[in-house]
1. Inspect all residues belonging to segment 325-338 and state whether any of them is in contact (Cβ under 8 Å) with a residue 60 or more places away in the chain, outside any strand (DSSP E or B), open to solvent by 50 Å² or more (accessible area, probe 1.4 Å) and under 26 Å from THR227 (Cα atoms).
2. Go through segment 159-179 and count every residue that is open to solvent by 70 Å² or more (accessible area, probe 1.4 Å) and of a type in the set (Ser, Thr, Tyr).
3. Can you tell me which residue is farthest from the chain's Cα centre (by Cα) among those in segment 81-126 that are polar (S, T, N, Q) and within 19 Å of ASN187 (Cα to Cα)?
4. Look through ASN91, ASN73, ASN27, ASN20 and report the one residue that is polar (S, T, N, Q), open to solvent by less than 70 Å² (accessible area, probe 1.4 Å) and over 30 Å from ASP171 (Cα atoms).
5. Is one or more of the residues making up segment 224-239 among the hydroxyl-bearing types (Ser, Thr, Tyr) and either open to solvent by 80 Å² or more (accessible area, probe 1.4 Å) or without any contact (Cβ under 8 Å) to a residue 24 or more places away in the chain (or both)?
6. Those residues that are open to solvent by 50 Å² or more (accessible area, probe 1.4 Å), assigned to a loop (DSSP other than H, G, I, E, B) and over 19 Å from GLN311 (Cβ atoms), I need them from segment 252-267; list them, please.
7. With respect to GLU50, is the statement that it is more than 30 Å from ALA362 (Cα to Cα), at pLDDT 90 or above and either touching a Cys at 6+ places or on another chain (Cβ under 9 Å) or among the acidic types (Asp, Glu) (or both) true?
8. If you take the residues of segment 282-312 that are open to solvent by 50 Å² or more (accessible area, probe 1.4 Å) and not in a helix (DSSP H, G or I), which of them is nearest to TYR358 (Cα to Cα)?
Amino acid sequence: HKNFNFECRFRAMLGNSGKNVADEIGNGFPHLPAGCHIKLEKQAQRYILENIRNSIYNGRSSQLVSRVATFTNESGLPLTLANFVEYHHLNLHDIYKRVSFARLCEKAHAQPAFAAPDEKRLTNGLRRILHLNSAYQLQTLLRILQGAFEQLTSMEERLLTMLHFSLWGKDSGISSLQESVERLKANGPFFDELLDVLRYLYEHTDIVTERPELPYESPLELHASYTRDEILAALGNWTFNSTPECREGVKYLPALETDLFLITLNKAEKHYSPTTMYLDYAISDDLFHWQSQSTTSVESPTGQRYLNQRQTGNTILLFVREDKSHHGQSNAYCFLGPAEYVSHNGSRPINIEWRLKYKMPARLCRMTERMATA
């Protein structure tokens, strides 16, 4: 049947790999766990790929509008974002890579016509927060946004600032948290939809996080996912008054005496030059091999800061992602926490082994160790 959901079935077998299902099928399932194998006959493979390409999950927004229009009669459920996504076995990316759910409902005549002054920016912004998976972060944001905008703690302000940069970007012209929230509320259905998205993410998060011990306050939680912008806002480097550039995968924050390593494991050649194809991978669940930038020597101030980290007490924070982009946008990083220098060799670049203070979960070990043998 043309409406049979092949993508949902294969996605269930692949788990939360974050990979495109059609790509996995077409390439022979290269990201299955070790010892697992799926073999499709050529005709079956062609049929399944055609089914996925023509389905609601990869089709035009008009297909989603049609499903929204018939949803309540077909399912017997109230039309909500959570009900729609779960009934049709979608994920939030299936909707937000095209349009907002509020606009889908309006086009399907399931809600009155509306106008939102920042619709385009907020539609993209909702897509940029779909990686959020810290229960603490999501619960705190929901409480703040649904309550009165009263005196906030420093950590609540940081979390709200992180959300601001994800939703609005750094060139919004907004100058304060209060203005950011007021402008959100002025966009009517989009503010309600933001709350729906945060609730859905909170109810479906499947990781256990904890606050690492750091020499300063930070809302970052171990093994939660954050974008570069969120990381810089969380550590106070990005504020409403200043958003310094961060183009490389390393960033030193002098005020915190902290080095940030933003590590992409799968460095596709189309995104990286030969001088930036660094060798970064997990050796074990608490030992990580990292390669500095190609111009960093052992004698340089930066090299000395890395190699003398244990003596100086400089903080090293590791953030890891498998690929640079997914679903057409930049991937978020998984926060591995603080690390200590163990050993090194070479210069320009320097190869350094770091010991993580907190062990990586098994799922992250499998991902990072695979890159060492790729």
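1. Yes, segment 325-338 contains at least one residue that is in contact (Cβ under 8 Å) with a residue 60 or more places away in the chain, outside any strand (DSSP E or B), open to solvent by 50 Å² or more (accessible area, probe 1.4 Å) and under 26 Å from THR227 (Cα atoms).
2. 1
3. GLN111
4. ASN20
5. no
6. ASN266
7. Here the answer is no, as GLU50 does not meet what is asked.
8. Applying the filter and picking the extreme gives ASP285.
The values are calculated or read from the model by the stated rules, or taken from the named source; none is laboratory data. Quick caveat: nothing in here was measured; it's all calculated off a predicted structure. Cβ atoms come from the backbone with ideal geometry, glycine included; neighbour counts cover every protein chain shown. When the accessible area is computed, the model is the full protein with side chains, heavy atoms only, and any ligands, DNA or RNA have been set aside. Shrake-Rupley method; radii C 1.70, N 1.55, O 1.52, S 1.80 Å.
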